[in-house]
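The values are calculated or read from the model by the stated rules, or taken from the named source; none is laboratory data. This is a predicted model, so every value here is computed, not measured. For neighbour counting, all protein chains shown are included, and Cβ atoms are generated from backbone atoms with ideal geometry for every residue, glycine included. All accessible areas refer to the heavy atoms of the entire protein, side chains included, with ligands and DNA or RNA removed. Shrake-Rupley method; radii C 1.70, N 1.55, O 1.52, S 1.80 Å.
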Amino acid sequence: NRKLTLDGRRAIARAIGAEIPAPEDMIGSLAALPLPDGSMHPPKSAMYTDPLQDELLAGWQIEVPVIPWPAVPARLLRISAQAYNHPGQYELLAQALVTSLGPA
């Protein structure tokens, strides 16, 4: 799970031009990456529902949290890995983010 999270984090960071905020030895099976700022509007609900999160689910069938951090409009993408995940899912997420956010 950890290796898949690290590989996914690298692939997504490379695709969107994000800096990796924490060293690999601090990562388990969950990681966060900074995203470009979103809108100044607060999330629609306490469940975050950033417009990007909605777009990834509706347009790509990818469910991944987009979290305000430390406050709107700054935000993070949180990824995790379990035994049922595979590298292609993180590659698809990277592609979806490039399409939604624009290339790095």
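Structure data summary
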| read-out | value |
| --- | --- |
| Label-point separation in nm, Glu24 to Trp60, each point 7 Å along Cα→Cβ | 2.4 |
| 1.4 Å probe accessible area per residue over region 1-91, in Å² | 61 |
| The chain, accessible surface, carbon-and-sulfur percent (1.4 angstrom probe) | 59 |
| Helix axis angle, 87-101 relative to the chain longest principal axis, alpha carbon, degrees | 30 |
| CD proxy at 222 nm, helix term only [per DSSP H run n ≥ 4: -39500 (n - 2.57); per residue of the chain; nearest 500] | -12500 deg cm²/dmol |
| Calculated FRET efficiency for the pair Ser39/Arg2, C-beta based, R₀ 25 Å, to 0.05 | 0.15 |
| Helix 2-16 axis, angle to the chain major axis (alpha carbon atoms, nearest 10°) | 50 |
| Correct option for P(r) over Cα pairs in 10 Å bins from 0, in percent [calculated from the coordinates] among [x] 15, 35, 28, 15, 7, 1; [y] 15, 50, 32, 3; [z] 15, 46, 30, 8, 0 | [y] |
| Helix 51-60 axis, angle to the chain major axis (alpha carbon atoms, nearest 10°) | 60 |
| Choice from Gly88, Gly17, Gly28 with maximal GNM fluctuation in the chain (Cα, 10 Å cutoff) | Gly88 |
